[in-house]
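The values are calculated or read from the model by the stated rules, or taken from the named source; none is laboratory data. Fair warning: this is a prediction, and the values are worked out from it, not measured in the lab. With ideal geometry, Cβ positions are generated from the backbone for all residues, glycine too; neighbour counts draw on all protein chains shown. For accessibility, only protein heavy atoms count, side chains too; no ligands or nucleic acids. Shrake-Rupley method; radii C 1.70, N 1.55, O 1.52, S 1.80 Å.
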Amino acid sequence: MRVGVTPSWMRRSLAVLPLGLAVSVLTHAAPATYTIEQHAATATNASMLTVNGQWPTQCTPSLKNVTLDGTDMRIDAGSDLTLCDRKSSPFSIELNPALAVDKPSLDPDIYHVSFYAADGAGSSPKLRAFTLLDRSAPDAPSIVPESGFWFTSNNGDATANRTVLSVELQEGQLSVALMSYDTVGQPVWYFGAASFNGHIAHVPLIHIVGGNDPFDTSAQGAHGDSMLTLDLQFESGAHALAWLGRERGSVDDSMLQLQPLDIVRLPLSETSDGQAWQGDWVLVADAEQATPQRLHLTQYRAVDAQHFEVSDPAGTAVLSCTRESSQPEWPPSSCSLRQSNATAASTFDSVALSRMDGLDGNGVALHLLRVSH
């Protein structure tokens, strides 16, 4: 990256950044009208889902149907009556998600669960709640999201505006600041934090307002209003699927507006050909008595549009990486490390800018950590 030069896509993105990020926020997110919660059944310890909410009438909804399309699960409910007293009533629907779709158990995966409910027999169902259900295999590796700026994917459109997110993981707590625009084009900033289980997180976001500008020494605390939710499913240390949600509709009959996003951690370089992965790295294995190994991967070679290599000057360590042809700016989807003193290549299927995680030929967990560029 040339010193003093900001890539054109970065210049468009950084236009949304506020002047200061050090703000004390004391406001807590307000509870959602409808929620989907996970728990274990008391008698059988089976995994259960419970949908809770405040229904706008006295005729609360009952479960109608549950469908599963790949990893997308849809729960449908509705009220059978139409002439009901317009007075808010609490309700709760409990179900075993596996049995509801005629399975003894759900296949290991992460499921996207949507709750739809109709207010009356002749009404159309509305999306009321959404959650991620982590049913990953017990031996599924945890993902470590790389801290820093993440950007929404432009899906190949170089002129598209991006939403900027600042992501940081500390001791199982994931903090997210989202920077974008409001409906009239003014910059807005949202902030939230939530626990992270190694695969998914549900982050309530509050809209930050007030506070001081950086040159004002008077004491004026910022505050926040509950606005959005962000559900994150990390595919690697540099790529995540995201669902941004906000409640819409009237106070007594709200619905959920959901915006799916692809977010990625991008190199801050003018080019996206793989040279950003040159530098010094340390290879660390989880095996006992394993010795960390420093690799000087300073030589770059483009193989074709989807593949590149970085290696040491002697060619004794070669990191070969594969990229998605439809997303040439994204970090590689996988990399493999070949060393002259190793009998088999090591594979990394979580690739970020400063960290890669994978397995060696014997199934031992490996981590490749950048120490210099």
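Data overview
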| quantity | calculated |
| --- | --- |
| Mean Cα-pair separation over length for the stretch 114-191, i.e. relative contact order, pairs under 8 Å, 6 or more apart, % | 17 |
| Cβ-Cβ FRET estimate between Asp252 and Thr217, R0 fixed at 56 Å, reported to 0.05 | 0.75 |
| Potential lengthening between Asn197 and His307 on full extension [0.36 nm per residue; Cα-Cα distance subtracted] | 36.4 nm |
| Relative contact order (%) - criterion: Cα under 8 Å, at least six apart; region: the chain | 12 |
| Tensor-based shape of the stretch 57-164 (alpha-carbon gyration tensor, a/c under 1.5 rounded, otherwise prolate or oblate) | oblate |
| Peptides 304-313, 348-357 ordered by average Cβ neighbours within 10 Å, highest first | 348-357, 304-313 |
| Within the chain, helix-based [θ] at 222 nm, where runs of 4 or more DSSP H residues each add -39,500 (n - 2.57), nearest 500 | -500 deg cm²/dmol |
| In nm, spacing of pseudo-spin labels at Ala365 and Asp134 (7 Å Cα→C-beta vector) | 1.3 |
| Relative contact order %, the stretch 25-134, counting alpha carbon pairs below 8 Å whose residues are six or more apart | 27 |
| For the stretch 236-309, size of Cβ-based charge dipole, Lys and Arg +1, Asp and Glu -1, in debye | 140 |
| Among His39, Phe234, Pro108 the positive-end extreme of the charge dipole of the chain (Cβ point charges) | Phe234 |
| Alpha-carbon centroids, the stretch 41-72 and the stretch 98-126: separation in whole Å | 7 |
| Local net charge near Ile200, Cβ-Cβ under 12 Å (Lys/Arg +1, Asp/Glu -1) | -3 |
| Nearest-20 debye value, the stretch 323-373 charge dipole, Cβ charges on Lys, Arg, Asp, Glu | 160 |
| Relative frequency of Cα-Cα separations exceeding 26 Å in the stretch 265-373, percent | 12 |
| Average projection area in nm² (convex hull over Cα atoms of the stretch 231-315, one quarter of hull surface) | 10.2 |
| Per residue solvent-accessible surface (Å²) - the chain, probe of 1.4 Å | 52 |
| Accessible carbon and sulfur surface of the chain relative to its total accessible area, %, 1.4 Å | 51 |
| Where labels lie 7 Å past Cα in the beta-carbon direction, separation of Gln259 and Ala345 in nm | 4.0 |
| Relative pair counts by distance (%), Cα atoms of the chain, 10 Å bins | 5, 20, 26, 24, 16, 7, 2, 0, 0 |
| Paramagnetic reach from Thr183 in the stretch 247-264 [backbone N under 20 Å; point 7 Å along Cα→Cβ] | 247-260 |
| Assigned charges on the beta-carbon of Lys, Arg, Asp, Glu; the chain dipole about Cα centre (debye) | 500 |
